Amino acid sequence: MDYDVNSLTLEEKLQLLIGRNFWQLSTANGKLPDVFLADGPHGLRKVVDDSNCAIPVTAMPNFSTIANTWNPEMAKLSGETIADDCIENNVDVLLAPGVNIKRTPLCGRNFEYFSEDPYLAGAMAKSFIEGVQSKGVGTSLKHFCANNSEYDRVYQSSDVDERTLREIYLPAFETAVKANPYTVMCSYNPIAGIYASENKWLLKDVLRDEFGFNGLIVSDWRAVPCGYKAIKATLDLTMPYDKDAYKELKEAYEKGFITIEEIDERVKSVLEFINRITSNKSKRVITTTKETRHDNAVKIACEGMTLLKNEDGILPLKNGNIYVDGKYCINPVIGGGGSALATSDYKIEPLSTLLQPMIPNANVTSRTCAVAVTNLNVVGAKYSYEKISTADTVVLCVGTGPEVETEGRDRTTLRLSKVQEDFIIQSARYNKNIVVVLYAGSAVDASPWIDKVKAVLLAGFSGEGVQEAVSLILSGKVNPSGKLSETYPLSVCDTFNTRDCGNGMYENYFEKVLVGYRYYDTLDKDVLFPFGYGLSYSTFEYSNLKIKKISQTDYELAFKIKNTSAVDGSEVAQVYVKDVMSMVLRPEKELKGFCKVNIKAGETKTVKIKLDYRSFAYYSIPLKKWYVENGDFEILVGSSSRNVLLKDKIKIELDEAEQYSQINMKTL
Ligand code: BGC
């Protein structure tokens, strides 16, 4: 059924542009169906009463873990799984995914975002949207845009130049919009001095006209300082309900600040959105049970966990006495804090209980003292060293947690708490075989202890299936295949801006396009673990790079990867492009393609990846478009941004008449 704007009174129209309550839209006096929006990037978060308590659902791995799978199919599976919880609970739109770029590892919400790289973030978000929407539930791509820290997120302007926006902060939205999300949510912050909700250039010219988004633009919750200015910028829906919003809009109309045509345009957009929800309801068929949703959570967690260190092949765990300890060995963290935290009633078993049957000939014991588990104190620590010193291998479960990584504030350090750091260091004095399992939603500075331990498995924030996935990987039942979707710097001092988080009015994005590995690689800075890095129990050999030219800017790459080990495994091959000489500052290399392949022991597979115009282009401000400069480009194939295994060069020779003059190398 198509809803008609002319059947609504002015009052009903204005009510429709503002929320009815915290989560629902107006029904225009019963003329329209109810629409319910709810949070839930990592599992539906439906709050039903004033208590702010969400109903229990399947808590899925956080986007930081999903991104580490480098497998868009896992993002899709997560979307499909969460959609079933939405259908069961009558939720029409899931307020996810967030694709903001991890500009600094200190951002409190990084666990909710995919990557420091827009290509990877866009690919994962697009698949997540496809997964949710295939089941007739809508999504909200957020937070548009340049919301890259929590500090002062409501007021402080992200002072970004256009080239940086186009190359770093917008492409993930541009890619994800191709999946046709029902809604896009604008961010709180102003961008270059103009609030996102009032930024007509971004909302209309870029998002709607250039990227082709034809859905509903909703505000972040209370992100609209002025309702009529937002309408002029083509923002459709202000959320949530605010008692003054209706009065202000009415006054603006009466004073002539907005016309009825402008109001009708936005109302039509809301009606089309409601119509889309209604007409896709037939797709809402639940295909999972609570049990299979949980299995999906475990499956995704297994693929996203990333092995960061494995000296002497200590993992997978062997027989002998294995002792499990640390803050998270019994009650692990399952996700970051804030509007993304899903509530689960799944009873998570202690890690040791799950591990024992997987290594039947080992003797797995664990710390059981409840006090020490939640609050590792000196007494608890003294008690445990005896067990630590007598074990053959010690597994320490440490990490951050939702109180550290949360919406609403940034982290102040990348280090673990002193208690946890001391615990690792002390334990390593008593036992040389320490395996650290790290529960964190974003980069951790491990410098005080990394050299003292033999292995580190990044468990991440991985939802209710986290301990099952950890036990499957530690025991070798699952071969780890995650790779980092963000760089782990040596310390916060090695990041581009250490602690500078703006002056309260604006934050200058002075590093421009040098974000994440683009910064570390261009400045040749040492890092703890590079972007794209992750170990496997298998070993792989890359060979035979062949580049087929399809046109001047379209290429097809083919190369071989051999699993040279005795165990089946998966490898994430990455393709980076380097502009050898440019008239503008370009990053040392940029990710332009990737592929995850399962390869059986001893088997060789051919990987094919395509490159196109955008793989070589930068955004030219004077030309106001993407522009490829003629010349040499290196094609770098590797297993991380720092481990290039194959490379070749191509020469792009576009029509000279459409090129701009470059410095003539011969005269230099
Ligand atoms: C967050 C959004 C969230 C909304 C509704 C805001 O504070 O930034 O991500 O969807 O609240 O809970």
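List of remarks:
- Cα gyration tensor, the stretch 458-601 - rounded (a/c under 1.5), prolate or oblate: oblate
- Ordered by the count of other Cβ atoms within 10 Å of each Cβ, fewest first, Met185, Met505 give Met505, Met185.
- For the stretch 1-158, the Cβ-based charge dipole about the Cα centre amounts to some 380 debye (Lys, Arg positive; Asp, Glu negative; other atoms uncharged).
- Spin-label proximity, Asp392 to the stretch 299-342 - amide N less than 12 Å from point 7 Å beyond Cα toward beta carbon: 317-323
- Length-normalised contact order of the stretch 506-645 in % [C-alpha pairs under 8 Å, at least 6 apart]: 27 percent
- Counting Lys and Arg as +1 and Asp and Glu as -1 over every other residue whose Cβ lies under 11 Å from the Cβ of Phe273, the net charge comes to 0.
- Length-normalised contact order of the chain in % [C-alpha pairs under 8 Å, at least 6 apart]: 15 percent
- Residue by residue, the stretch 525-541 carries 3J(HN,Hα) couplings of 8, 5, 10, 6, 9, x, 4, x, 8, x, 9, 9, 7, 9, 10, 10, 10 Hz when phi is fed to the Karplus relation 6.51 cos²θ - 1.76 cosθ + 1.60 (θ = phi - 60°); x denotes Gly or Pro.
- Considering only Phe273, Ile348, Ala391, and ranking their Cα positions along the charge dipole of the chain that arises from unit charges at the beta-carbon of Lys, Arg, Asp and Glu, the one farthest toward the positive end is Ala391.
- Remark: the Cα gyration tensor places the chain in the oblate category, a/c being 1.5 or greater and a/b not exceeding b/c.
- Positive-end residue of Leu141, Thr164, Phe128, charge dipole of the stretch 98-172 with Cβ unit charges: Phe128
- Long-range amide H partners of Lys592 with built H, under 5 Å: Val575, Tyr576, Val577
- Asp244 versus Cys493: modelled label distance in nm, points set 7 Å from Cα along the beta carbon direction: 4.7 nm
- Simple Cβ-charge dipole of the stretch 184-307, Lys/Arg +1 and Asp/Glu -1, about Cα centre, in debye nearest 20: 440 debye
- Selected from Ile561, Ser481, Ala459, residue furthest toward positive end of dipole (the chain; charges at beta carbon): Ile561
- Rounded to the nearest 20, the Cβ-based charge dipole of the chain about its Cα centre (Lys and Arg +1, Asp and Glu -1) stands at 1320 debye.
- Rel. contact order, % - alpha carbon contacts under 8 angstrom, at least six apart, the stretch 385-457: 41 percent
- Local electrostatic count at Pro448 - Lys and Arg +1, Asp and Glu -1, tallied over other residues with Cβ under 10 Å: -1
- Sorted peptide list for 274-280, 203-209, criterion being average Cβ within 10 angstrom, highest first: 203-209, 274-280
The numbers here are math on the coordinates, done by the rules we state, and not lab data. What you are looking at is a predicted structure, and each value in this text was computed from that prediction instead of being measured. When we count neighbours, we look across all protein chains shown, and the Cβ atoms used for this are built from the backbone with ideal geometry, even at glycine.
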